[in-house]
Amino acid sequence: KELKGFVKVSLAPKETKTVLIKLCSRDFTWYNEESGNWQLDGGEYRILAGASSADIRLEASVRVEPKNPPKTVFTQWSSIGEIVATPAGAEVLGQMFASSAKESSQSIDALGVSTFDLIKGMPLKKILAMGNTPDLDAAVENILKAVNGSV
């Protein structure tokens with residue numbers, strides 16, 4: 001729960017008043033440290049009104065959709081699975097791992113697990129380091145440029 005607005009109202013016994021608290025899209029954002037931007041995630045949000053956070057008297061929900069959804073910016077610590085979930089990532093990393101997957105498929109198949117299942121949670125830089133990639137930092141940078149495009 002986050003306080004996004006309040007109005008102090010004095011009421012006589014049995015008196016009622018209508019109050020208005022305006023919310024804007026910024027009230028539904030959070031600061032994404034990785035991208036360095038405020039981010040608005042689309043979805044259903046609950047609006048609670050009450051005398052205090054422990055004394056909620058009204059509740060409603062509102063659906064919020066971002067006008068321009070934020071683009072994910074991948075880093076060297078992004079997982080292989082996150083990167084491959086995008087079209088650009090699938091193209092770049094799919095080509096890269098196709099040959100190694102063929103080489104190791106027989107031993108992995110015996111376990112009933114694919115190569116991708118084994119590595120999908122691992123960070124990009126760690127996977128490349130395991131393969132003894134020459135000039136590791138340059139390889140990571142080139143892949144990130146390809147999957148991030150012009151961010």
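Every number in this text was worked out from the coordinates using simple rules, so none of it is lab data. Note that the structure is a prediction, hence the values are computed from the model and not measured. Neighbour counts run over all protein chains shown; Cβ positions are idealised from the backbone, glycine included.
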So for the chain, if I pair up every lysine 8 or more residues apart or on another chain, how many of those pairs have alpha-carbons under 18 Å apart?
8
Neighbours of residue 84 by Cβ distance under 14 Å: Lys/Arg at +1, Asp/Glu at -1, summed charge -2
Env charge @ residue 64, Cβ radius under 10 Å, K,R +1 / D,E -1, value -3
Quickly estimate the mean residue ellipticity at 222 nm for the chain, helices only: each DSSP H run with n ≥ 4 gives -39500 (n - 2.57), and the total goes over all residues, rounded to 500.
-10500 deg cm²/dmol
R0 = 41 Å: FRET efficiency of residue 122 with residue 68, Cβ-based, nearest 0.05?
0.85
What length, rounded to one decimal in nm, is gained on full extension from residue 22 through to residue 146, with 0.36 nm per residue of separation minus their alpha-carbon distance?
40.4 nm
If Rh is defined by the Kirkwood formula over all Cα pairs and Rg also comes from Cα, what ratio Rg/Rh do you get for the chain?
1.23
3J(HN,Hα) from dihedral phi, the stretch 46-53, Karplus parametrisation 6.51/-1.76/1.60, rounded to Hz, x for glycine, proline
8, 10, 10, 10, x, 6, 7, 5
